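Student: Dumping the structure here so I can ask a few things about it.
The values are calculated or read from the model by the stated rules, or taken from the named source; none is laboratory data. The shown structure was predicted, so the numbers you read here are calculated from the model rather than taken from an experiment. Glycine also receives a Cβ, built like all others from the backbone with ideal geometry; neighbour counts cover every protein chain displayed.
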Amino acid sequence: MSTQTTPAPTGDAPEAETQVLRLGLPKGSLQESTFDLLEKAGYGFSVRSRSYFPSIDDDELTAMLVRAQEMGKYVQDGVFDAGITGLDWIAETGADVHVVADLVYSKASMRPVRWVLAVPEDSDIHSVEDLEGKRIATEVVGLTKRWLAEHGVTADVEFSWGATEVKAPDLVDAIVEVTETGNSLRANKLRIVEVLLSSNTQLVANKEAWDDPWKREKIENLALLLEGAIRAEGKVGLKLNVRREDLKSIVETLPALRNPTISPLFSDEWVAVETIIEERQVRRLIPELKRLGAEGLIEYPLNKMIP
């Protein structure tokens, strides 16, 4: 009577497959500021000038650069598990995604942008009602049409392929354009009539990916670090040594984030003070603190602030 035996394995057992999160990053005006923010958050991204596929120092991440205008739909359809894009483009495309975090930064500053109705300085348009029967150029056709409908106004809204500021008054009566500072509008002799939408950058997730425990944790970790990098923007840490007899006057001078940290030193007569302040305050504070008796002042940069 013969028996069968299971042959012993001849090689190493296969390793578990590494899970990967697919991330969409904005190509174009937001690209540079997004890479800067990711670096401060602790992620090493690099990309060649003509490549759409950044290299990343995280084996659990892959990324691709696409236009922010397209990001919402790609995330909605599962091409990406998560992506960074603007609230305005989510609103424009109607993408059905989960908003993970508001990331308030833009191409030139750490503040929201605005989509505004603008007209030539000498235009007789002074309100949305004055747009009845007029012609408007914009990149956000859907957003503009919905805004007009909410006000009961009928106008001809056409898509603008760029250089929107120069189209009024020769080609159109008004434009709806995005602005951070308003400088470009003023340079083209345009005035703002109304604000349609204030928009900021968002981290959004595909809804199925958000329901996956591993992907959700990976996305939440990314959001936490990005938000920490944004909170640290424009702030620095400050350390100084203070005699106990001078401590009250110095603490009253410091504009601490909450309260400064005070630690005893080897000598009972001295304490160490550490706090976080706005970088723009440093040039005023350091000389003042020195005059009040502080010594050993050290200013250091911050990459992240996690509450």
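Student: Which one is surrounded by the fewest Cβ atoms within 10 Å (Cβ to Cβ), of the residues in region 296-307 that are modelled with pLDDT under 95 and either more than 12 Å from Leu238 (Cα to Cα) or β-branched (Val, Ile, Thr) (or both)?
Tutor: Pro307
Student: For region 185-203, what are the residues that are under 22 Å from the mean Cα position of the chain (by Cα) and more than 23 Å from Lys145 (Cβ to Cβ)? Give the steps one after another, and end with the answer.
Tutor: The initial filter retains those residues of region 185-203 that are under 22 Å from the mean Cα position of the chain (by Cα), namely 195-203.
Those that are under 22 Å from the mean Cα position of the chain (by Cα) and more than 23 Å from Lys145 (Cβ to Cβ): Thr201, Leu203.
Student: Let me ask something else. Could you pull out every one of the helices (runs of 4 or more DSSP H) wholly within region 119-214 that has 2 or more residues that are modelled with pLDDT of 95 or more and over 30 Å from Leu226 (Cα atoms)? Let's see the steps before the verdict.
Tutor: Numbers: elements: 141-150, 183-187, 207-211.
In region 119-214, the matching helices (runs of 4 or more DSSP H) lie at 141-150.
Student: Just name the residue that is surrounded by the fewest Cβ atoms within 10 Å (Cβ to Cβ) out of those in region 161-175 that are among the β-branched types (Val, Ile, Thr) and touching a strand residue (DSSP E or B) at 6+ places or on another chain (Cβ under 8 Å).
Tutor: Start the filter on region 161-175 by keeping residues that are among the β-branched types (Val, Ile, Thr), which leaves 164, 166, 172, 175.
So of that shortlist, the ones also touching a strand residue (DSSP E or B) at 6+ places or on another chain (Cβ under 8 Å) come out as 164, 172, 175.
Details: Thr164: 22, Val172: 20, Ile175: 26.
Result: Val172.
Student: Mind checking which strands (runs of 3 or more DSSP E) fall wholly inside region 224-307 and carry at least 2 residues that are within 30 Å of Leu103 (Cα to Cα)?
Tutor: On the way: elements: 235-243, 261-264, 270-278, 295-301.
Qualifying strands (runs of 3 or more DSSP E): 235-243, 270-278, 295-301.
Student: Taking into account only those residues within region 15-34 that are surrounded by fewer than 18 Cβ atoms within 10 Å (Cβ to Cβ) and over 21 Å from Ala91 (Cα atoms), which is modelled with the highest pLDDT?
Tutor: Per the stated criteria, the residue is Val20.
Student: Now a separate question. Here is a list of conditions, (1) surrounded by 15 or more Cβ atoms within 10 Å (Cβ to Cβ); (2) outside the structural domain of Thr154 (by TED's automatic domain parsing), and Lys134 meets all of them except one; can you say which number that is?
Tutor: For Lys134, the exception is condition (2).
Student: Identify all residues within region 152-169 that are under 22 Å from Glu129 (Cβ atoms) and out of contact with any Ser or Thr (no Cβ under 9 Å at 6 or more places or on another chain); write none if there are none.
Tutor: Gly152, Val153, Thr154, Asp156
Student: Name the residue that is farthest from the chain's Cα centre (by Cα), counting only residues in region 254-273 that are under 27 Å from Pro307 (Cβ atoms) and exposed (fewer than 14 other Cβ atoms within 10 Å of the Cβ).
Tutor: Residues of region 254-273 that are under 27 Å from Pro307 (Cβ atoms), as a first pass: 254-264, 271-273.
This time we only want the ones that are exposed (fewer than 14 other Cβ atoms within 10 Å of the Cβ), so: 255, 258-259, 261, 263-264.
Working: Pro255: 26, Arg258: 24, Asn259: 28, Thr261: 30, Ser263: 35, Pro264: 39 Å.
Out of the qualifying residues, it is Pro264.
Student: Looking only at region 238-276, how many residues end up being within 15 Å of Glu295 (Cα to Cα) and of a type in the set (Asp, Glu)?
Tutor: Matching residues across region 238-276 total 4.
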